[in-house]
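Here is the structure we will look at, set down as structure tokens.
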């Protein structure tokens, strides 16, 4: 199994988030999840908001098109990106 799959035009990602990092960004694959570093602390949903902001830039979509399907209070999350406009090199288009 890989860290992503397609559901029609939507991209579903298994993500491992590392909060309180020195720099934000996509690190690479961590086990069977995409590892993402976020600079904010996991307090009051700020890390989730910053992750959505990062993904909106990476995938070229509005923040409202990034949906946390599961793992709101966990480091391991399932994220849906609605009709991404851009894809990082790690992801192959459908």
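The values are calculated or read from the model by the stated rules, or taken from the named source; none is laboratory data. In this text the structure is predicted, and so the values were computed from the model without any measurement. Note that we place each Cβ from the backbone using ideal geometry, even for glycine, and neighbour counts take in every protein chain shown.
So residue 12 fits all but one of (1) under 17 Å from residue 82 (Cβ atoms); (2) in contact with a helix residue (DSSP H, G or I) (Cβ under 8 Å, 6 or more places away or on another chain); (3) assigned to a strand (DSSP E or B); what number is the exception?
(2)
Could you pull out the residue among 58, 81 that is at pLDDT 95 or above, closer than 17 Å to residue 3 by Cα, in contact with a helix residue (DSSP H, G or I) (Cβ under 9 Å, 6 or more places away or on another chain) and surrounded by 11 or more Cβ atoms within 10 Å (Cβ to Cβ)?
Just one listed residue meets the conditions, 81.
In segment 61-76, what residues are touching a helix residue (DSSP H, G or I) at 6+ places or on another chain (Cβ under 8 Å) and under 14 Å from residue 19 (Cβ atoms)?
Selection gives 72 alone.
Of the conditions (1) over 18 Å from residue 25 (Cα atoms); (2) assigned to a helix (DSSP H, G or I), residue 48 fails just one. Which one is it?
Every condition holds for residue 48 apart from (1).
Pairs only if they're at least six apart or on different chains, beta carbon under 7 angstrom, first in segment 74-88 and free of Cβ contacts under 8 Å to residues at least 24 places away in the same chain and at negative phi, second surrounded by fewer than 15 Cβ atoms within 10 Å (Cβ to Cβ) and assigned to a loop (DSSP other than H, G, I, E, B); list them, first residue then second.
Close Cβ pairs satisfying both conditions: none exist.
Yes or no: segment 44-51 includes at least one residue that is in contact with a strand residue (DSSP E or B) (Cβ under 9 Å, 6 or more places away or on another chain) and surrounded by fewer than 19 Cβ atoms within 10 Å (Cβ to Cβ).
Looking for residues that are in contact with a strand residue (DSSP E or B) (Cβ under 9 Å, 6 or more places away or on another chain) and surrounded by fewer than 19 Cβ atoms within 10 Å (Cβ to Cβ), one finds none in segment 44-51, hence no.
Taking segment 28-37 on its own, how many of its residues are in a strand (DSSP E or B) and modelled with pLDDT under 95?
3
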